[in-house]
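Structure, as structure tokens:
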Amino acid sequence: MDRIILHCDLNNFYASVECLLNPELKNVPVAVGGNSDKRHGVVLAKNELAKKKGIKTGDVIWEAKRKEPALVVVPPHFELYSRYSKQVFDIYSRYTCYVEPFGPDECWLDVTGSTKLFGSGTQIADALRETVKKETGGLTISVGVSFNKVFAKMASDLKKPDAVSEVTRGNFRKVLWNLSVSDMLMVGRKTAEKLQKLNIKTVGDLAEADAKTLQTVLGINGVKLKNNASGLDCDPVREYTESREIKSIGHGMTSTRDLTTVDDASALIYYLADRIAERMRKNGVKGSGIAVDLRDSSLKSISRQCKTDFSTRSGNDIGKAATDLLKSNWFGSPPLRTITVSVFDLTRGEEARQTSMFDDGTAQKNDSLDKALDKIRNKYGHSAIMRGNLIERDFIYDKTDAEDFLPFKR
């Protein structure tokens, strides 16, 4: 028997929450945007009225206002989005335990085992639409119903907002194969360009393409894309409490001004290292690989990485290794715009650490200090305690300071 998979997508989520809480915004074009003064001035979300004016997610604010001078831009409130997202995900979990998030506003549901209780896939989809709308006070979802995850997601995009679309084994060729190949899951801009060069323009073209050619151009993912377009996707929907194995933990930031000194860049690196170390301790992991990505003012990037002699979850250790990579590869020019630090080769649990004969217990003391800092920050916020080298630095702007606004583990 075929599975019954739903893909639920909260319509214009961030903008819809803002309009829900401020009725004056309901009848005007609205965009949720970052701070243009701090170089995060892009459209994060927009409502239907703004969408009809041609405004797209990712548009620069000035570009969006040129399309629609009457556009109202509001700042994001991630803590509110987190609250509504969790509420909606809890509604989904009433119908099945198989609820797999795909961002704060999207998820898959496997309701194969729920039909005897709640009816067919489309009946469950309609019930979810009405329940979400009623219990949130007006948020709407679009739901795709199909026999696998890829087609369910594509189905949810067919009708918006507040609609249900079904793709079956009998109609998927008619409904989906004429769509652009870029509408498929896992087909980004670069992949679409490569497929275009092979004269693969639609989902149907991809399904009927030669597997060997696709593997030559795209590797094993090319074959997987062909199978997906043919309706052969069989990836399971994970349980709501299940999370993917963490491969790496990183944090990046675009500074509010270009960085021209090693001191400034190092200060930012240590800030990022502390945030990463905090998350590593929260997830119970250590890492022995350190990576640094540097993007300069011309948007050119370089990536460097190294291995430490031991696994660590200390901000000091991560910051020192990352700063050493910085000093070996950047000497103050060209100015830096964005720095990202990542830790990989993660392990769980406690691991013996090689010490020298002169070890004075500093590592254990630092670990105890880190745990104490975590307690303070959990209670009073991350800015309650900071490194001395961050005082009066005017380039820190962390848009993730709305702590963990995603309601799930990636």
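General remarks:
- Any hit, the stretch 58-70, residues being under 20 Å from E106 (Cα atoms), at pLDDT 90 or above and either in contact with a helix residue (DSSP H, G or I) (Cβ under 9 Å, 6 or more places away or on another chain) or part of a loop (DSSP other than H, G, I, E, B) (or both): no
- Residue selected from the stretch 287-324 under the condition over 26 Å from S368 (Cβ atoms) and among the aliphatic types (A, V, I, L, M), by the criterion surrounded by the fewest Cβ atoms within 10 Å (Cβ to Cβ): L299
- Complete set of residues in the stretch 20-31 that are in a helix (DSSP H, G or I) and either surrounded by 24 or more Cβ atoms within 10 Å (Cβ to Cβ) or among the small types (G, A, S) (or both): none
- Of all the numbered requirements in (1) part of a helix (DSSP H, G or I); (2) among the small types (G, A, S); (3) over 18 Å from Y92 (Cα atoms), A127 misses one, and that requirement is (3).
- Of the set (1) within 26 Å of V150 (Cβ to Cβ); (2) surrounded by 20 or more Cβ atoms within 10 Å (Cβ to Cβ), all apply to Y84 but (1).
- Taken residue by residue, the stretch 45-53 has no member that is modelled with pLDDT under 85 and under 24 Å from the mean Cα position of the chain (by Cα).
- Being in contact (Cβ under 8 Å) with a residue 24 or more places away in the chain, over 20 Å from I5 (Cβ atoms) and of a type in the set (S, T, Y) holds for only one residue in Y81, Y95, and it is Y81.
- Among (1) out of contact with any Phe, Trp or Tyr (no Cβ under 6 Å at 6 or more places or on another chain); (2) touching a residue at least 12 places away in the same chain (Cβ under 8 Å); (3) within 17 Å of L139 (Cα to Cα); (4) part of a helix (DSSP H, G or I) - the single one D9 does not satisfy: (4)
- Looking across the stretch 318-372, the residues that are at pLDDT below 85, in a helix (DSSP H, G or I) and within 16 Å of V285 (Cβ to Cβ) come down to D367, D370, K371.
- Selection from the stretch 325-346 of residues that are within 22 Å of D258 (Cβ to Cβ) and charged (D, E, K, R): K327, R337
Residues are listed down the side, and each one gets a yes or a no for (1) touching a Gly at 6+ places or on another chain (Cβ under 9 Å); (2) of a type outside the set (A, V, I, L, M, F, W, C); (3) in the same structural domain as P161 (by TED's automatic domain parsing):
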{"site": "F102", "(1), (2), (3)": "no, no, yes"}
{"site": "V111", "(1), (2), (3)": "yes, no, yes"}
{"site": "S120", "(1), (2), (3)": "no, yes, yes"}
{"site": "Q123", "(1), (2), (3)": "no, yes, yes"}
{"site": "T131", "(1), (2), (3)": "no, yes, yes"}
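- From the list L185, L218, L158, the lone residue that is within 30 Å of T115 (Cα to Cα) and not assigned by TED's automatic domain parsing to the domain that holds T122 is L185.
- Matching helices (runs of 4 or more DSSP H) fully within the stretch 172-227 where at least 1 residues are more than 21 Å from D157 (Cβ to Cβ) and of a type in the set (D, E, K, R): 189-197, 211-218
The values are calculated or read from the model by the stated rules, or taken from the named source; none is laboratory data. The structure presented is a predicted model; accordingly, all values stated were derived computationally and were not measured. Glycine also receives a Cβ, built like all others from the backbone with ideal geometry; neighbour counts cover every protein chain displayed.
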